[in-house]
Amino acid sequence: MANDTVKIPDSFSDARITPDTYRQMYERSIQDPQGFWADEARRLDWIAAPAKISDVSFDKDDLHIRWFEDGVLNACVNCIDRHLETRGNKTALIWEGDNPAYHHAITYRQLFNHVCRFANELKLIGVKKGDRVTIHMPMIPEAVYAMLACARLGAVHSVVFGGFSPDAIAGRIDDCGSDFVITADQGVRGGKGIPLKDNVDRAIERANHEVRGVLVVKHTGAQVDFVAGRDHWHHELALEVDARCEAEPMKAEDPLFILYTSGSTGKPKGVLHTTGGYMVWAAMTHDYTFDHREEDVFWCTADVGWVTGHTYIVYGPLANGATSLMFEGVPTWPGPDRFWRVVAKHRVTTLYTAPTAIRALMREGDEPVKKHDRSSLRLLGSVGEPINPEAWRWYHEVVGEGRCPIVDTWWQTETGGHLITALPGAHALKPGAASFPMFGIQPALVDNEGNRLPDEGEQEGNLVLLGSWPGQMRTVYGDHQRFYETYFATYPGTYFTGDGARRDADGYWWITGRVDDVLNISGHRLGTAEVESALVAHDLVAEAAVVGYPHEVKGQGIYCYVTLNSGLVPTEETEAALKAQVRSEIGAIATPDVIHFTPSLPKTRSGKIMRRILRKIAEGEFDKLGDTSTLADPDVVDSLIETRREMG
Ligand code: 6R9
């Protein structure tokens, strides 16, 4: 089932990238990178066009990555000013509030005014080029104004997701030494208030680094404390500034932003992206992957606190003069049909979301989807984790009415934008396959000893990338040594992704999951994602997470956490049926040892399942769960432990 393909629909026969153009452009991007990237760089407006294309070394003693080094540009100008002449009255942002009654559109001209004012306010409180500015905001247009205002001044933003705790914010303020914070009184999600300003206050108290200025956006009007001299209302400063602000000319390799992301060890890393290369990558991938058309309404459902929000709500779409939809709420509030109401209301053409959301919505059945008009949709996207074929098919058949291709985009915070993805007019689709490399990307596989696996035929191994691409992160902020150790020490000379992958006989790439999640059952390698996909393919199952645990005979056993569709009560029959399901989908070797039914799984606020915790619970090491502060709902853990104890 996972291997049948879905042909390129006729509606994409005139796509930007066809099978032939893909082949030609990919070939050129590898054979003539200078020429290819010089051409792609022209999609931006440069103050000084770059003559030097790249200067890269992954060597231990000389690790450096530079693209378009002698070019000069401003990212904000590329997202706004250059569109004013032809797209001044075009909608840049559509904002859909948590409350479905609230929504509005912001044109490029209005965006220009808002961002310039915001930038002038930042100047007023002392922000200068090169300063780090922490942004802790709800999903409101002011979050975008804040990011672009920083970019306009050459200040480096560090967006910290609105769901993070005061401790997490404090750690990030300290790590990059940010003197300024931009926040709002409150956020709202699913009708509930989130005390952002209070959290920032507590973070500043706990941080070692002294924060000099806080700019606060009034959103809900909730009562908040103010520290005189430090805190400023945005709407008050807005009265004192004008709506024009010169943009700072930036060198291509000047930093654009820092974004913190978790690794397998240590505290979160500050991933640093610079201006020229990142902007080329954001604009190019948004354009090609989503076959961007002028009249598109592009909805990326991520939060701007994650890289997906940075690249595909803000920088990519706006660099291309697109209409980008920004949603404050959650998929199932006030009802299970919220997503589809938004699609119908704003005539969304391109929907880009995560498998975890798709599975949650799938649980609600087809009716909430089908009662809304989805005729505007032409393309669907997936990001964040491997998508199981079952969810893929539902997304394709029910949501997209079988009309809309799905681009399954594999990439990372570190990569800036898509690296392996299907292109809707270029590739027949295989459900669950990330498919083919983006231009300039050379994926390769290595075994655990670091040996390159052949570039021909079916292979599975650790995914590395040969060479650089413009959107690649440049360093771990303040810790270049860690940058080397994390990504270049494992398989010297290559960038190690931390993911496992399989290339099938047709050359399609399948991401098998983080290699730290790979199971070894009686000496056989098995992707946790494969087992999960088999479980989720069962009619009764909504979601599953699989981890390894020590097993006397087999080395590792397979421990499956399973959430059934709403309203179902697990029985012995269910358990037997699921084991049989996995056995029949993969083979006897993959038969689950333990099935642990649970009403929900421990997830980060971005929806990633926290496997580290699941592994510890499976191992019975309840006192070694580590940091659970980033969980969306910490109570889940207690109930998992209780059930685990009962299971013995
Ligand atoms: C963009 C983003 C990166 C990790 C990555 C991989 C997983 C992301 C995926 C995918 C399979 C996809 N991942 N997209 N796995 N198919 N389409 O999510 O960045 O939060 O840094 O996570 O997510 O394991 O290594 P980030």
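The values are calculated or read from the model by the stated rules, or taken from the named source; none is laboratory data. Everything quoted here is computed from the prediction, not taken from an experiment. With ideal geometry, Cβ positions are generated from the backbone for all residues, glycine too; neighbour counts draw on all protein chains shown.
Assorted remarks:
- In segment 379-405, the residue that is surrounded by the most Cβ atoms within 10 Å (Cβ to Cβ) out of those that are touching a residue at least 60 places away in the same chain (Cβ under 8 Å) and within 13 Å of the ligand (Cβ to nearest atom) is 381.
- Any chance residue 491 is within 16 Å of the ligand (Cβ to nearest atom), assigned to a strand (DSSP E or B) and in the same structural domain as residue 280 (by the TED database): no
- Flag if residue 83 is farther than 30 Å from residue 334 by Cα, assigned by the TED database to the domain that holds residue 310 and touching a residue at least 12 places away in the same chain (Cβ under 8 Å): yes
- Matching helices (runs of 4 or more DSSP H) fully within segment 266-363 where at least 3 residues are modelled with pLDDT of 95 or more and surrounded by 24 or more Cβ atoms within 10 Å (Cβ to Cβ): 275-289, 316-319
- For segment 360-370, the criterion of being under 23 Å from residue 148 (Cβ atoms) and not small (Gly, Ala, Ser) is met by no residue.
- Pairs meeting the criteria (first residue in segment 410-427 and closer than 17 Å to residue 255 by Cβ and within 8 Å of the ligand (Cβ to nearest atom), second residue of a type in the set (A, V, I, L, M, F, W, C) and assigned to a loop (DSSP other than H, G, I, E, B), beta carbons under 7 Å, at least 6 apart or on different chains) are 414/473.
- Tallying residues that are outside any loop (DSSP other than H, G, I, E, B) and either touching a Cys at 6+ places or on another chain (Cβ under 6 Å) or of a type in the set (A, V, I, L, M, F, W, C) (or both) within segment 551-576 yields 5.
- Residue 92 meets each of the listed conditions (1) surrounded by 14 or more Cβ atoms within 10 Å (Cβ to Cβ); (2) within 26 Å of residue 439 (Cβ to Cβ) apart from (2).
- Pick from segment 587-616, criterion in a helix (DSSP H, G or I) and within 29 Å of the chain's Cα centre (by Cα), ranking: nearest to the ligand (Cβ to nearest atom): 611
- Output for segment 446-461, where each listed residue is surrounded by 14 or more Cβ atoms within 10 Å (Cβ to Cβ) and at pLDDT 95 or above: 446, 452, 453, 459, 460, 461
- Meets criteria (away from the ligand (no atom under 14 Å from the Cβ) and buried (at least 22 other Cβ atoms within 10 Å of the Cβ)) for residue 440: yes
- When 11, 29 are checked against the criterion of being buried (at least 20 other Cβ atoms within 10 Å of the Cβ), of a type in the set (Gly, Ala, Ser), part of a helix (DSSP H, G or I) and in contact (Cβ under 8 Å) with a residue 60 or more places away in the chain, 29 stands alone in meeting it.
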